[in-house]
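Below is one structure, written out as structure tokens; the observations come after it.
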Amino acid sequence: MATFAVTPASEEQHAAWQSRTAMPQVERVRPGLWSIPVPIPVNPLRYVLVYALELPGGVAIIDAGWNTDEAYQALAAGLAVAGYTIADVKGVLVTHIHPDHYGLAGRVREDSGAWIALHPADAALLHDRYDDGAIDLLVEKERRLLVRSGVPDATLEELAGASMMIRHMVSMARPDRLVADGESLDLSGWDLRAIWTPGHSPGHLCFVSPSRRVLFSGDHVLARITPIVAVHPQSSPNPLADYLDSLAAVRKWDVDEVLPAHEYRFLELAERVDHVLAHHEERLAEIETVVAGAASGISCWAVATRLTWSRPWETIPAFMRRAANNETLAHLVWLEARGRVRRVAGEVDLWGARDFM
Ligand SMILES: [Zn+2]
Ligand SMILES: [Zn+2]
């Protein structure tokens, strides 16, 4: 794939990201718009970038951070640089329900009376998690998915138990507002519009300000990494198709700067989107080739072990191998929907070329 690197919008922020240790500064991105890094515990992403949008008499924030005291303090300290306190937060716009974005929203609401806004598709997932036994059911569904993927017994328990993400989501607050695709947020002084971008999460939202020419991209479009797009018990049936459509949905906006939730902000939206599209095209072709080479069919897990990853398969930690399996499955499902591969369902699903039976 042709190499393409986006232009960082802030050298300081880019340097902090590259250092792998330093936290970026709290920065004023535009008049009335602040970027506040909030730490994420034990995660190579290290921080989520919370954006504070000044309103008359307060701020709205986009994402909130992980629910820890350290994160809460970082958010409070960042708002202080901008001249505000947590109590001044009027609203929390959440891009999606992953704990590094949504975790702290409830605590911010408790201390400020802010509303919390979420897309209905993500709100629905949250709601399900409150039912008795919902987590156990989700973990069991995940285990069945791994069995059908052909995960060997010896690996299965290790992988199925890696459900930290799900457990963290249980304690999350319910939203006060549901935001639909295309909705204009009535934030005084802001022409902020929601763009529904399912894929990484079924209810992922980006926000665009046409007058300020910025896109708040959440996890949907990032400077260097691509978000996990995977089949799992709470994903849509064909999440990769959703994701690729969602890339087209943001690409058409003519903006000067992309304000993502991780890494650093950058300039070239369309070029970055094209690069991510090319990355998935390449992955789809690689997977199709592996499947075509397996005359008697191949399991999803076996496909995953044959793909190129950033490090040798055996050295990838359990929860990441599970994600790798589920991402591979998302690509297989996409290829199946296009008629490029065929699935024979069974205790373990087998994948083969189009004429495979
Ligand atoms: Zn996420
Ligand atoms: Zn994230």
Any chance region 222-243 includes a residue that's part of a loop (DSSP other than H, G, I, E, B) and out of contact with any helix residue (DSSP H, G or I) (no Cβ under 9 Å at 6 or more places or on another chain)?
yes
Among the residues of region 208-218, write down those that are away from ligand 1 (no atom under 12 Å from the Cβ) and closer than 23 Å to ALA230 by Cα.
PHE216
Just to be sure I understand the filter: pairs with C-beta atoms under 8 Å, separated by 6 or more residues or on different chains, first member in region 85-107 and open to solvent by 10 Å² or more (accessible area, probe 1.4 Å), second member of a type in the set (S, T, N, Q) and within 16 Å of ligand 1 (Cβ to nearest atom). Which pairs pass?
HIS98/SER201; ASP100/ASN43; GLY103/ASN67; GLY106/ASN67; ARG107/ASN67
Name the residue, out of ALA241, ALA173, ALA230, that is under 17 Å from ALA123 (Cβ atoms) and open to solvent by less than 60 Å² (accessible area, probe 1.4 Å).
ALA173
Is it true that GLU327 is assigned to a helix (DSSP H, G or I), among the charged types (D, E, K, R) and without any contact (Cβ under 8 Å) to a residue 60 or more places away in the chain?
no
Restricted to region 201-214, and to residues that are closer than 28 Å to SER310 by Cβ and surrounded by 24 or more Cβ atoms within 10 Å (Cβ to Cβ), which residue is farthest from ligand 2 (Cβ to nearest atom)?
CYS206
I'm trying to understand the selection: among the residues of region 295-323, which are of a type in the set (Val, Ile, Thr) and either more than 15 Å from VAL151 (Cβ to Cβ) or surrounded by fewer than 15 Cβ atoms within 10 Å (Cβ to Cβ) (or both)?
THR308, THR315
Checking GLU271, GLU286 in turn, the sole residue that is open to solvent by 20 Å² or more (accessible area, probe 1.4 Å) and either under 26 Å from ARG20 (Cβ atoms) or in contact with a Pro (Cβ under 8 Å, 6 or more places away or on another chain) (or both) turns out to be GLU271
In region 252-268, is there at least one residue being open to solvent by less than 10 Å² (accessible area, probe 1.4 Å), at pLDDT 95 or above, in a helix (DSSP H, G or I) and not small (Gly, Ala, Ser)?
no
Within region 51-62, considering residues that are free of Cβ contacts under 8 Å to residues at least 60 places away in the same chain and open to solvent by less than 30 Å² (accessible area, probe 1.4 Å), the one farthest from LEU75 (Cα to Cα):
GLY58
Search result, residues across region 101-112 that are over 18 Å from THR197 (Cα atoms) and either assigned to a helix (DSSP H, G or I) or not aliphatic (A, V, I, L, M) (or both)
GLY103, ALA105, GLY106, ARG107, VAL108, ARG109, GLU110, ASP111, SER112
For region 275-289, name all the residues that are without any contact (Cβ under 8 Å) to a residue 40 or more places away in the chain and either charged (D, E, K, R) or in contact with a strand residue (DSSP E or B) (Cβ under 7 Å, 6 or more places away or on another chain) (or both).
GLU281, GLU286
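The values are calculated or read from the model by the stated rules, or taken from the named source; none is laboratory data. Everything numeric here is computed off the predicted structure, so don't read it as measured data. As a convention, Cβ positions derive from the backbone with ideal geometry for all residues, glycine included, and neighbour counts pool all protein chains shown. The accessibility values were calculated without ligands, DNA or RNA, using every heavy atom of the protein model including side chains. Shrake-Rupley method; radii C 1.70, N 1.55, O 1.52, S 1.80 Å.
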